[in-house]
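Everything below concerns the one structure shown next.
FYI, it's all coordinate maths here, none of it is from the lab. Keep in mind that this is a model prediction, so the values were computed, not measured. Note that we place each Cβ from the backbone using ideal geometry, even for glycine, and neighbour counts take in every protein chain shown.
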Amino acid sequence: MIEFRSMSFGYGKKNLFSGLDLNLEPGSVYGLLGLNGAGKTSLLKLMAGALRPQEGSIEVFGKDPGLRRADLLADMVFVPEDPWLPAIKPEGWLDRYAAFRPLFDRGRFMALMDELALDKDKLLTKYSYGQRKKFALSAAMASGARTLLLDEPTNGLDIPSKAQLRRILAAAAEPGRVVVVSTHQVRDLEHLIDPIVIVHGGRILFTLSNEELGRSLCSAHLSSLEGKPVVYAERDAVGWSVLLAREPGKDSEAEEGASPDLELVFDAAIAAPDHLTAALSGASLPAYVPEEHLIAKEANR
Amino acid sequence: MNANIQGSGFSFERAALVLRNRIMEEAPSLGIGLAVVVGVNALTFLASRTFVFNHDNGAMWAFAIVISGLLLCAQAFKAMHDGKAGTDWLLLPASPLEKFTAAVLDYVIIFPVAAALVATGLSALFHVIEQAAGKIPGPIWTFWNVEVLKAWAFYAVAATVFIAGSASFRKIPFLKTSAMAMAYIFVLGILLTLGAWIVVRSHGNIDAGFHFENFNFETEDIPKSIEDITLWVGRIAWFVVLPVFSLVYGYFRVFEKEARDEVQ
């Protein structure tokens with residue numbers, strides 16, 4: 001379990017988080033979503049202990065990560081967006097670095113290397129960006145750690161590797177393990193991350209489970225917004241991508257998508273948090289259309 | 001599974017793993033350093049049939065070991081400060097104390113001992129080659145004598161200072177630490193000279209000089225007891241206060257280190 005209590009953090013005089021509270025329970029793959037600069041990576045680093053809060057506290061399975069106790073460090077893995085690897089071969093890496101992790105599963109690691117088609121005879125520094133990422137993710141999955149912190153894991157991966165990553169991540173979501181994934185590319189992991197945590201303006205704007213979202217919202221593509229319970233809409237080339245409120249007593253699944261598009265949910269959370277809150281609580285508000293999409297609509301007329 | 005690797009307290013096994021990794025990472029650089037020493041000696045042998053390091057009382061061996069050791073000390077925490085590798089270094093599953101201990105053991109004991117053994121071996125080899133070339137060979141340099149052990153004692157204290165400097169400074173740590181040490185020595189020298197002047201003046205002699213390297217005052221008027229006290233104060237300051245301060249300060253710099261600033 002990861003627990004932030006009244007946590008404040010910033011860089012120099014720039015305050016990034018103020019009085020942040022957040023609980024992340026084991027058994028879930030949390031999707032950490034936020035705009036560029038919202039502090040997603042900083043949050044992951046705070047959980048890992050690479051950064052320390054200025055006020056308040058953070059606990060990971062009851063321990064302060066800021067103390068960097070060896071046992072806690074061995075029980076968590078942080079995979080940065082652009083992983084650093086030493087100039088040695090995978091076997092050498094296992095001897096030098098996996099030795100610090102008592103629960104590291106070498107067999108699983110080698111199997112993942114094979115699955116992700118990573119060259120075992122190549123220097124790690126000769127790996128491409130995507131290969132370094134796959135290597136770091138393989139190491140994380142085989143680490144036996146209860147806390148996995150993954151920063152933009154799908155960036156730089158080719159399409160088959162994204163599918164492989166989804167499969168590997170799904171297998172990593174064990175009951176006693178907390179997996180936190182920060183991502184911009186929410187569609188890559190849409191059916192995997194649950195719940196989503198939306199970070200904006202130095203606070204946690206929403207923590208929403210798929211079940212909660214699916215109960216209140218669905219997404220659809222419409223040619224017109226008329227006559228539909230639209231919560232949020234974005235214009236695209238051929239119509240409108242919309243978040244619809246599910247109408248009580250009506251089976252929306254028949255005509256619209258079963259679960260809402262997470263990118264639309266994220267956009268709605270940032271642009272119209274009140275509308276999203278109202279929709280989640282069953283209240284109705286007029287559809288929110290971002291100004292730039294209204295202009296596009298007028299221009300198309 | 002090794003229980004000592006798992007524990008939350010200080011683990012010698014983990015510190016040993018960090019130390020082993022350090023040595024393996026440094027091996028290529030040390031190999032280059034060794035090649036430079038051999039190369040310089042080979043050049044002088046080609047020019048004059050003598051190996052320069054084996055002459056001049058072997059001072060160059062000691063000098064090479066001390067300088068390369070201090071340069072290594074100044075780079076002890078380079079990876080920790082690195083924008084990319086730094087986060088990995090901080091999050092390697094060993095405590096800050098284990099990581100710091102590994103660095104101190106590496107540069108205060110293992111490097112000088114290993115370098116001295118290699119130097120002795122090379123010196124013996126050079127001696128034999130010079131003899132075979134019909135020259136009067138220079139003496140074989142060995143580390144097992146009082147002068148070299150004294151030099152090691154000096155080096156060990158300086159090493160702790162440069163390790164602390166490495167923990168503090170991200171860029172050009174060797175130069176910054178050297179500059180800071182020089183500044184402290186300068187200020188301390190002025191203070192001690194002033195103190196000496198006051199003490200000596202009270203005894204009617206203002207022509208006293210202070211020898212920092214020996215911690216003694218060149219005067220006939222200072223009572224022997226004050227000289228002795230000054231000498232011991234100096235020794236304690238150099239051999240106890242300075243390394244203890246450097247080690248504690250360096251450790252806390254490592255402990256409090258955070259990943260480099262970046263907002264994503």
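Quick one: which residues, 5+ away or cross-chain, put their amide H under 5 Å from the amide H of A:VAL79? H built at 1.01 Å from N.
For A:VAL79, the qualifying residues are A:LEU149, A:LEU150, A:ASP151.
For n ≥ 4 DSSP H runs only, could you compute -39500 (n - 2.57) per run for chain A, divide by its residues and tell me the 222 nm figure to the nearest 500? Present the calculation step by step, with values, prior to reporting the outcome.
Values: 10 runs with 94 residues, N = 301.
Calculated at 222 nm, the ellipticity per residue is -9000 deg cm²/dmol.
Between A:ALA271 and A:ALA98, what is the spin-label point distance in nm, taking each point 7 Å from the Cα along the Cα→C-beta axis?
4.7
Where the only charges are on Cβ atoms (+1 Lys, Arg; -1 Asp, Glu), what is the dipole of the protein assembly as shown about its Cα centre, to the nearest 20 debye? Don't skip to the answer; put the middle values down first.
Details: 52 positive and 62 negative charges, 268 e Å.
Here the protein assembly as shown has a charge dipole of around 1280 debye.
Could you tell me which chymotrypsin sites (Phe, Trp or Tyr not before Pro) in the range B:112-155 are loop residues by DSSP with no more than 15 other beta carbons within 10 angstrom of their beta carbon?
Within the range B:112-155, the qualifying chymotrypsin sites (Phe, Trp or Tyr not before Pro) (loop, at most 15 other Cβ atoms within 10 Å) are B:TRP144.
Return the percentage of antiparallel bridges among DSSP beta bridges fully within the protein assembly as shown, rounded to the nearest 5 %.
Values: 34 of 53 bridges.
So the antiparallel bridges amount to about 65 percent of the total.
What FRET efficiency would be calculated for the residue pair B:ASN145, A:ARG106, taking the C-beta separation as r and a Förster radius of 45 Å, to the nearest 0.05?
Working: r = 49 Å, r/R0 = 1.08.
Working from the Cβ atoms, E equals 0.40.
With the dipole of the protein assembly as shown worked out from charges on the C-beta (+1 for Lys and Arg, -1 for Asp and Glu) around the Cα centre, which of B:CYS73, A:LEU35, B:VAL40 lies farthest toward the positive end?
Checked the options; the winner is B:VAL40.
If you average the alpha carbon positions of the range B:95-159 and of the range A:132-147, how far apart do those two centres end up, in angstrom?
That distance is 42 Å.
Can you show me the helix-derived [θ] at 222 nm for chain B, built from DSSP H runs with n ≥ 4 at -39,500 (n - 2.57) apiece and divided by the number of residues, rounded to the nearest 500.
Working: 11 runs with 180 residues, N = 264.
Only helices count here, giving -22500 deg cm²/dmol.
On average, how many beta carbons from a partner chain sit within 10 Å of the beta carbon of a residue in A:63-71?
Working: counts 1, 0, 1, 3, 4, 12, 7, 17, 8.
Mean partner-chain Cβ count within 10 Å for A:63-71: 6.
Sort A:LYS45, A:LYS13, B:LYS257 so that the residue with the fewest other Cβ atoms within 10 Å of its own Cβ comes first and the one with the most comes last. Don't skip to the answer; put the middle values down first.
On the way: A:LYS45 26, A:LYS13 5, B:LYS257 19.
Listing A:LYS45, A:LYS13, B:LYS257 from fewest to most nearby Cβ atoms yields A:LYS13, B:LYS257, A:LYS45.
³J(HN,Hα) across the range B:38-55 via Karplus (A = 6.51, B = -1.76, C = 1.60, θ = phi - 60°), whole Hz, x for Gly/Pro?
Per residue, the Karplus-derived 3J(HN,Hα) values read 5, x, 4, 5, 4, 5, 5, 5, 5, 7, 9, 6, 10, 8, 4, 5, 8, 10 Hz.
If r is the Cβ-Cβ distance from A:SER6 to B:PHE12 and R0 is 56 Å, what FRET efficiency results, to the nearest 0.05? Numbers along the way, then the final one.
Details: r = 38 Å, r/R0 = 0.68.
The pair A:SER6/B:PHE12 has a calculated efficiency of 0.90.
Within straight cross-link reach of B:LYS224, meaning Cα distance under 19 Å, which aspartates and glutamates are found once same-chain residues fewer than 8 apart are removed?
Candidates past the 8-residue exclusion: B:ASP207, B:GLU213.
Which whole-Hz ³J(HN,Hα) couplings does the range B:173-184 yield from phi under the Karplus relation 6.51 cos²θ - 1.76 cosθ + 1.60, θ = phi - 60°, glycine and proline marked x?
Per residue, the Karplus-derived 3J(HN,Hα) values read x, 5, 5, 5, 5, 4, 4, 5, 4, 4, 5, 5 Hz.
Most exposed first by the Cβ proxy, i.e. fewest other Cβ within 10 Å, how do B:SER246, A:SER28, A:SER281 rank? Present the calculation step by step, with values, prior to reporting the outcome.
Working: B:SER246 22, A:SER28 17, A:SER281 8.
Listed from fewest to most nearby Cβ atoms, that is A:SER281, A:SER28, B:SER246.
What's the extension gain from B:PHE63 to B:ALA181 if we count 0.36 nm per residue and subtract their Cα-Cα distance?
Values: separation 118, 0.36 × 118 = 42.48 nm, distance 1.88 nm.
Separation in residues times 0.36 nm, less the Cα-Cα distance, equals 40.6 nm.
Based on the Cα coordinates of the range B:44-128, what is the per residue volume of their convex hull in Å³? Mind showing how you got there, number by number?
Values: hull volume 9.8 nm³, N = 85.
Output value, Cα hull per residue: 116 Å³.
For A:ASP267, A:ASP119, A:ASP114, which order do you get if you count the other beta carbons within 10 Å of each Cβ and list the fewest first?
On the way: A:ASP267 18, A:ASP119 14, A:ASP114 11.
Lowest count first: A:ASP114, A:ASP119, A:ASP267.
With N set to the number of residues, divide the alpha-carbon radius of gyration of the protein assembly as shown by 2.2 N^0.38 Å and report two decimals. Walk me through the intermediate numbers first.
Working: Rg = 31.9 Å, N = 565, 2.2 N^0.38 = 24.4 Å.
Taking N as the residue count of the protein assembly as shown, the ratio is 1.31.
Between A:ASN23 and B:LYS224, what is the FRET efficiency for a Förster distance of 60 Å, r being their Cβ-Cβ separation, to the nearest 0.05?
On the way: r = 71 Å, r/R0 = 1.19.
That gives a FRET efficiency of 0.25.
Share of antiparallel DSSP beta bridges in chain A, in percent to the nearest 5?
Working: 31 of 50 bridges.
Here the antiparallel bridges make up roughly 60 percent for chain A.
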